Amino acid sequence: MSSTNALDVLIQALRRLPGVGVKSAQRMAFHMLQHDRAGAEVLSRALHEAVGAVHHCARCHTFTEAEVCSTCMDPARDPSRLCVVETPADQAAMERTGAFKGLYFVLMGRLSPLDGIGPKEIGLQKLLERAADGLVQEVILATNFNAEGEATAHVISDVLKGRGMHVTRLARGVPVGSELEYVDLGTIAHALVDRR
């Protein structure tokens, strides 16, 4: 493999990252090769080790190196509340609030029929089994507020309610510290409908 070909392969590999186009991938590749070869080696090893060591938690489906993640193993967590999120990044955001002390189920995606992602691909059956463990009393749907996230929440809600589960959805509203004149109209409308 020639150096030009190896560079092209590196740039194409970096383009696989979300939000990284050709120019960004080139800048990253050139920077690592020109200014930080040691950093490139560290990144390469870390990525290789993570791919080999990190897998899905047997209970909540998030990323972990153990059979069951530390959140699921934490005896201080409230097992009666199960928060459903789309990704491990969403779970991390929920955790940073410090407001939720229950357990999670990570879908690893959302319904998107046009992309061939249906209930099976997001692990709906595994979620149903998890929610029916005899401990869960409330399932909190914390999917994103876009078309796919709303559709995902709707399908999950219908299935769980059909099985007699208590299902709630994250509230939508005006962001804390914002001024109404600068908030988009859809957010204001939802906040008005969901007022309490």
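Observations, loosely collected:
- Selection from the range 166-196 of residues that are out of contact with any Asp or Glu (no Cβ under 8 Å at 6 or more places or on another chain) and assigned to a loop (DSSP other than H, G, I, E, B): Leu170, Val174, Pro175, Val176, Gly177, Ser178, Glu179, Val183, Asp184, Asp194, Arg195, Arg196
- For the range 113-127, the set of residues classified as in contact with a helix residue (DSSP H, G or I) (Cβ under 8 Å, 6 or more places away or on another chain) and either among the aromatic types (Phe, Trp, Tyr) or open to solvent by 40 Å² or more (accessible area, probe 1.4 Å) (or both) consists of Pro119 only.
- The listed residues are Val155, Val85, Val159, and the only one of them that is under 26 Å from Ala58 (Cβ atoms), out of contact with any Gly (no Cβ under 8 Å at 6 or more places or on another chain) and at pLDDT 95 or above turns out to be Val85.
- Pairing each residue of the range 22-38 that is among the aromatic types (Phe, Trp, Tyr) and surrounded by 10 or more Cβ atoms within 10 Å (Cβ to Cβ) with any residue that is at pLDDT 95 or above and not in a helix (DSSP H, G or I), provided the two are 6+ apart or on different chains, yields no C-beta distance under 9 Å.
- Scanning the range 166-182 for residues that are of a type in the set (A, V, I, L, M, F, W, C) and either at pLDDT 80 or above or under 24 Å from the mean Cα position of the chain (by Cα) (or both), we see that the one that is most open to solvent (accessible area, probe 1.4 Å) is Val176.
- Subset of the range 75-98 [open to solvent by 60 Å² or more (accessible area, probe 1.4 Å) and either more than 26 Å from His154 (Cβ to Cβ) or touching a Pro at 6+ places or on another chain (Cβ under 9 Å) (or both)]: Pro75, Ala76, Arg96
- Candidate set: the range 156-165, residues that are outside any loop (DSSP other than H, G, I, E, B) and within 24 Å of the chain's Cα centre (by Cα); chosen: the one farthest from Ile122 (Cα to Cα): Lys161
- Candidates Arg110, Arg163, Arg130, filtered to the one that is in contact (Cβ under 8 Å) with a residue 24 or more places away in the chain, farther than 24 Å from Pro18 by Cβ and crowded, with 16+ Cβ neighbours inside 10 Å: Arg130
The values are calculated or read from the model by the stated rules, or taken from the named source; none is laboratory data. Because the structure is a prediction, the values reported are computed rather than measured. Backbone-built Cβ (ideal geometry, glycine too); neighbour counts: all protein chains shown. Calculation scope for accessible area: heavy atoms of the full protein, side chains included, ligands and nucleic acids excluded. Shrake-Rupley method; radii C 1.70, N 1.55, O 1.52, S 1.80 Å.
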